[in-house]
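Report on one structure; see the data block that follows.
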Amino acid sequence: MRTTKKIIKRYTLILFILGLLIIHFIVPRFIVETRSPIVELFKAEDVTTSQTKSNTNSKFKRKKITITTFDKLKLSALITYSSSTHVKGTIILLHGSSHTKEHFLVLSEFLSINGFNSVALDSRGFGESKGQFFTYGAKETKDIQTLITQLINNENLDNIGLWGQSIGGALTLQAMGMDNRIAFGIAESTYTDLKTNIQYYIKRHTGFNLKLFSDYLVDRAGRIADFNPDEANPYKYSNNITQPILVVHGSKDTAIPISKGRANYSRIKSIDKEFMELKAAGHSDIWAIGSDKYFESVLKFLNKQALPSN
């Protein structure tokens, strides 16, 4: 009997230590690592990795460009040019965690028909862009600034705005709060800050509010991916936004509650800001639920930001 108890205690201790090691070394990578065989096995959603087909629709002129980041990564972006003689502006399109730039092919055609260039970017670690880690804006906002510089200097594009979904919406708010070259923006389904978002994610899936635990995981993830998680904070940078902006959220969003979108919106200082609530929409179905009426409203906002015709 004593031998059995000793064996049980020994294995319990081994499992406890193994659990601590997994929590310390493995679990935080689920937050930031986009390219890992171990992480890919457990991801709930598949991340699109298909390469862009050149000129999927011959009606539209497209061009693929490469951006070199401050830390020497190569990022891929796809420009779709306006099919109108009067170009109203250029919109950088920023995807969420389950998509890549290909997600925006149809939207880019809609924008082209209505007079806007668009630039769909693969964020670092996604699609055709290099990188192993995603840092929720700590580094990606610098990538966006580099892209803007390249669009201005190399492509002769101006009146540049942002349109982002979910994490892409978070990047939109953070970048707009840092760079006044960004003329306008649209942020859909966006959280307030990384730590609160991960805390809510764990609570939603376990039923427990484990702030100390979730904060530990986020801080550890930051050390693994070499960034400060406190800088991944759309709420903080919203306070610096003075450009025209449209904030959109679904009232039935269970991944990121609409209260988070309203909180970001309340911080924005711009006198030209609008909050749009889609009452039947959740987190990932804003375009589907909003349908043509939604895009008509968005186009109305964009046309207000357009360059005047000559």
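Every number here is computed from the coordinates shown, using simple stated rules; none is lab data. Computed from a prediction, not measured in an experiment: that's the story for all the values here. FYI the Cβ positions are ideal-geometry reconstructions off the backbone, even for glycines, and counts take in every protein chain you see.
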- Length-normalised contact order for region 95-154 - Cα pairs under 8 Å, 6+ apart - percent: 23 percent
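Relative contact order, percent, of region 132-246 when contacts are C-alpha pairs under 8 Å separated by at least 6 residues? Kindly include the intermediate steps, with their values, before the conclusion.
Working: 172 pairs, mean separation 38.1, N = 115.
Answer for region 132-246 is 33 percent.
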- Query: What is the distance, in nm, between label points placed 7 Å from the Cα along the Cα-to-Cβ direction at Tyr216 and at Gln145?
  - Reply: 3.5 nm
- Query: Going by average Cβ neighbours within 10 Å, how do the peptides 280-286, 148-154, 201-207 rank, with the highest at the top?
  - Reply: 280-286, 148-154, 201-207
- Item | Principal-axis tilt of helix 211-225 within the chain, Cα atoms, nearest 10 degrees | 70 degrees
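Between Ser291 and Ser270, what length comes free when the chain is fully extended (0.36 nm per residue of separation minus the Cα-Cα distance, one decimal in nm)? Show your work: numbers first, answer last.
Details: separation 21, 0.36 × 21 = 7.56 nm, distance 2.73 nm.
Full extension from Ser291 to Ser270 adds 4.8 nm.
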- So how tilted is helix 194-206 from the main axis of the chain? Cα-based, degrees 0 to 90, rounded to 10. 60 degrees
- Which of Gly137, Gly290, Gly168 fluctuates most in a GNM of the chain (C-alpha springs under 10 Å)? That residue is Gly290
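Can you give the calculated 222 nm mean residue ellipticity of the chain, where each DSSP H run of n ≥ 4 adds -39,500 (n - 2.57) and the sum is split over every residue, rounded to the nearest 500 deg cm²/dmol? Could you put the intermediate results ahead of the total?
Values: 11 runs with 129 residues, N = 310.
So the calculated ellipticity at 222 nm is -13000 deg cm²/dmol.
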- Taking Cα atoms, how many degrees apart are the long axis of helix 140-153 and the longest axis of the chain, rounded to 10 and kept between 0 and 90? 20 degrees
- Item | Rh (Kirkwood; distinct C-alpha pairs) - the chain, Å | 20.4 Å
- Excluding residues fewer than 8 places away in the same chain, name every one of the lysines whose C-alpha is closer than 21 Å to that of Lys304. Lys88, Lys269, Lys273, Lys293
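Would you mind computing Rg(Cα) / (2.2 N^0.38 Å) for region 91-190, counting N as its residues? Can you show the working numbers first?
Working: Rg = 12.4 Å, N = 100, 2.2 N^0.38 = 12.7 Å.
Against the empirical 2.2 N^0.38 Å value, I get 0.98 for region 91-190.
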